[in-house]
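Undergrad: What follows is a single structure, and I will ask about it in a moment.
The values are calculated or read from the model by the stated rules, or taken from the named source; none is laboratory data. The model shown is predicted, which means the values in this text are computed figures rather than measured ones. As a convention, Cβ positions derive from the backbone with ideal geometry for all residues, glycine included, and neighbour counts pool all protein chains shown. Ligands, DNA and RNA are stripped out before the accessible areas are found, and what is left, the full protein with its side chains, is counted by its heavy atoms. Shrake-Rupley method; radii C 1.70, N 1.55, O 1.52, S 1.80 Å.
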Amino acid sequence: MHIKLRDREGRKKSWRHITSRTDKKSRIIALVVCFYYFTSISLVISNKVVLKGSSLPYPFFITWIQLVLAFLCFFFLDVLKEYFPFLSIFPPLTIDWRIAGQVLPMTTVFILMVTTNNLCLQYVQLSFYQVARSLSILFSLILSRVLFSERTSWKAACTSLIIMVGFALGSWGEVPSQFSLAGLLFGVLSSFFVALNSILVKSVGQKTFNNDQWMLMYYNTCLAIPLLLLLTIIKGELYEALPMMFSLPLSTYLSLLVTGLLGFLINIAISLQIKYTSPLTNNVSGTFKGVFQIVISVIWFDNEISALNALGSVLVLVGSGMYSHVRYTEMHNKEVAKSQKKAKKGV
């Protein structure tokens, strides 16, 4: 009897430990997702403001400027280590070309992701932007199945079907005067590269950098700058944009600075979100924040929304929310089952 009581008490303690650890992880995830929402929405609005203006209508060049500003942020933080000891948690900024070769495929996908994203944002209104990029969850499911043989539950499959229907209705119901086939195609491509980039960030971060997100971001930025510069030259934007850089209004310079800083922060936000959740959850989070973007597009940019467009947007958001709930429940149950199994072995 004494042994049974002790076993029961030990199980209670183990369960309390499991619950406490799960609650702590949930709080961290909530903070990371909130940080991502704030940074991502701010960046989308800032990019739309810059691209909407006629003073600098060059999405490739603007993205390159953002990457250069992000690199300067790395550089200044590295310099400030001498004066602020708490910054020593960041490793020294060096380049190992063997490691750079391992990061290059991920950086290539990253470049394709940000350029198609900005091109989509340039061609469509903000309310439709979320619909155009809503297929990242579907692509993530397909890539996870093809690359890692991960099975998808029937519940997750049903929620992704709702998102697909929402995408179709939102595309069909887009206001004719605002519809852009190029914007729609760039949105679909952006969704694919968002899904692929999330998977590569998780994989490269674990295998190459042992989950050191800081070094992953640093290598990615260093490699992305020359690659995107090459694309900017090929597209002809560099030759057109450089002469204009000395005669832009102050507001444009400030907008570029803000987007550059937000571009630096969004890399941190995405890396943290993927690290503490999963590539799939990162895509769901990116889709679900669209409800805020739609409201902002109507209030701030006076975007027109048709009934079908609104219905499609609602279905995308509902499907994303349901998918998020299904995936969270599945991951939570798996984590608890794993912890209980370990606890039983230790008793």
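Undergrad: Restricting the first residue to the stretch 140-158 and requiring it to be over 16 Å from Ile199 (Cα atoms) and in contact (Cβ under 8 Å) with a residue 24 or more places away in the chain, which pairs with a second residue that is surrounded by fewer than 15 Cβ atoms within 10 Å (Cβ to Cβ) and of a type outside the set (A, V, I, L, M) meet a Cβ separation below 8 Å and a spacing of at least six or different chains?
TA: Sorted first by the residue in the stretch 140-158, then by its partner, the pairs are Ser153/Glu330; Ala156/Glu330.
Undergrad: Let me ask something additional. Kindly evaluate Tyr37 against the criterion of being aromatic (Phe, Trp, Tyr), in a helix (DSSP H, G or I) and at pLDDT 70 or above.
TA: The answer is yes for Tyr37.
Undergrad: On the given criteria, is Gln213 polar (S, T, N, Q) and either open to solvent by 30 Å² or more (accessible area, probe 1.4 Å) or closer than 16 Å to Ala100 by Cβ (or both)?
TA: Answer is no for this residue.
Undergrad: Is it the case, given these coordinates, that Tyr83 is of a type in the set (Phe, Trp, Tyr) and touching a residue at least 60 places away in the same chain (Cβ under 8 Å)?
TA: Judged against the criteria, Tyr83 is not a match.
Undergrad: Could you tell me which numbered condition Ser247 fails, if it satisfies all but one of (1) open to solvent by 20 Å² or more (accessible area, probe 1.4 Å); (2) of a type in the set (Gly, Ala, Ser); (3) within 25 Å of Val33 (Cα to Cα)?
TA: For Ser247, the exception is condition (3).
Undergrad: What about Lys338, is it assigned to a helix (DSSP H, G or I), out of contact with any Leu (no Cβ under 7 Å at 6 or more places or on another chain), more than 28 Å from Lys48 (Cβ to Cβ) and at pLDDT below 70?
TA: For Lys338, the condition - assigned to a helix (DSSP H, G or I), out of contact with any Leu (no Cβ under 7 Å at 6 or more places or on another chain), more than 28 Å from Lys48 (Cβ to Cβ) and at pLDDT below 70 - is not met.
Undergrad: Only one of these is modelled with pLDDT of 70 or more, in a helix (DSSP H, G or I) and closer than 30 Å to Val204 by Cα: Gly312, Gly286, Gly321. Name it.
TA: One residue alone meets the criteria, Gly321.
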